[in-house]
1. Roughly what would the spin-label model give for residue 230 and residue 247, points 7 Å off Cα along C-beta, in nm?
2. Using the Cα centre of the stretch 246-309 as the reference point, and only Cβ charges (+1 on K/R, -1 on D/E), how large is the resulting charge dipole? Debye, rounded to the nearest 20.
3. Per residue of the stretch 386-402, what does 6.51 cos²θ - 1.76 cosθ + 1.60 with θ = phi - 60° give for ³J(HN,Hα)? Whole Hz please, x for Gly and Pro, Karplus curve as stated.
4. Work out, step by step, the length gained on full extension between residue 434 and residue 300: first 0.36 nm times the residue separation, then minus their alpha carbon distance; give nm to one decimal.
5. Can you give the FRET efficiency for residue 313 and residue 397, using 1/(1 + (r/R0)^6), R0 = 41 Å, r = Cβ-Cβ distance, to the nearest 0.05?
6. Residue 53 to residue 118: extension gain in nm, 0.36 nm per residue of separation minus the Cα-Cα distance?
7. What pairs from 125/343; 125/275; 228/297 go past 27 Å between their alpha carbons?
8. Could you give the length gained on full extension between residue 188 and residue 419, defined as 0.36 nm per residue of separation minus the Cα-Cα distance, in nm?
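A short reminder: the numbers here are calculations on the coordinates, not readings from a lab. Everything quoted here is computed from the prediction, not taken from an experiment. As a convention, Cβ positions derive from the backbone with ideal geometry for all residues, glycine included, and neighbour counts pool all protein chains shown.
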Amino acid sequence: MTTLLAFLLTLAVLVVVHEYGHYRVARACGVKVLRFSVGFGKVIWRRQSHPDATEFTLCALPLGGYVRMLDEREGPVDPALRSQAFNNRPLRQRVAVVAAGPLANLLLAVVLFAGAAWVGSNEPKAVLGTPAPDSVAAQAGLQAGDWVRAISADGQQWRDLASYTELMSTLLESTAAGESVHLDVSNAEGHGRRSVVLDTGRLGAATIDAASLRRLGLTPLSEPILGKISAGGAAEQAGLREGDRVLAVDSVPVTDAAALREQIRRSVQSDGPLKSLWVVERAGQRLELAVSPRAVKDGEQTIGRIEAMVGSAPAMVKVSRGFFEGLTLGAQRTWSVSWMTLKVFGRMLIGEASLKNLSGPLTIADYAGQSARSGLAQYLGFLAVSLGVLNLLPLPMLDGGHLMYYLFEGLSGRPVSEWWQTQLQRAGALILMLMMALALSNDVVRLTGLH
């Protein structure tokens, strides 16, 4: 229920802001707005202050919305109102009205990102756990206990990092763009500063998913303490208990939770799991337990699982910003996410990124449900950017497609013919339907674990 409500709230906020952008600028340009609708289909609520005013409606299918303006192309217009018809307004005003929807979403993203920065939140400190063997982080020379202090695209201009969350957000953008980054690193006490190059471009950015994040190899430092134990799982059968601190596995000391998780993942062979001898500390006593992780499929790999939470909560820091710093950060985050989104689309078009990166309503609903419990403002901000950028793509039926019509009109001095508009609309509808079908297919695969 939380997931459904969060999804509907997410959609409602984005739709209202997007359509309000069109509505507000249309009114400012002297265009008569006939209806402002949230949703499609049967009207379940309406409000109109007087017969000549805009009608506001809420419809039964809340999966979008629209602003209907007076337009001679859609029906007869009273000669007295012709100057208020959208199609009769100057080109610059029509461009402004169409662009206002996506720009409103981008402005919403700035406000949401800034608001999250102003309020502040507890985030993991950017102190790293043991990187997985053969990961990008391990090849860069990063070690358990390294504290990432700043990040740079070129090794010249540096930006201080406040938390692990901020580090990963920046790295995901670099990964999507196929670019390497420079990290300014010290030990956990802040001594021994050094610079390392993290070759995120080596991941290829084909698909940004859990597997690519494991290849990146970055996790926050966490103590090797066991959390909740699943009933009947491998951990319970071995005699492990919640709160046990793992000291060693097969005589190899365990430094942190990331190292322990990697040892568990690798504790399988072709014909099944490998039994390991664990040394754990429980209530001040050292115990030796034989543990046989369960072999499970993870994509094309077989890995080990003990069916228990592994790792304590990492060290946390309170991250908050002042008014102007938060506003600047909101604008920077909106720009960087917009640019990353465009790059991912571009890389998908030329085959350098997987089409699996497309997400649809099921993934949105799932993430919205999770974000409702922690960080809805940040999630809404990312989604607002995605919607704003998507609507600016030069596809017929999207705002970006109409802007391309107006660009042609501005350059040629004549509007796109109705015949061409019809053909382009059909092509655009086909492309959008294919994108929606692919996104929904990716959702099903992602949520059911079929990939």
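1. Those two pseudo-labels are separated by 2.9 nm.
2. 120 debye
3. Couplings: 4, 5, x, 5, 4, 6, 8, 5, x, 10, x, 5, 9, 4, x, x, 5 Hz.
4. Values: separation 134, 0.36 × 134 = 48.24 nm, distance 2.75 nm.
That works out to 45.5 nm of additional length.
5. Numbers: r = 47 Å, r/R0 = 1.14.
Computed FRET efficiency for residue 313 and residue 397 comes out at 0.30.
6. Values: separation 65, 0.36 × 65 = 23.40 nm, distance 3.84 nm.
Extra length from residue 53 to residue 118 when fully extended: 19.6 nm.
7. Numbers: 125/343 29 Å; 125/275 34 Å; 228/297 22 Å.
As for pairs spanning more than 27 Å Cα to Cα, those are 125/343; 125/275.
8. Working: separation 231, 0.36 × 231 = 83.16 nm, distance 6.61 nm.
This chain segment gains 76.5 nm when fully extended.
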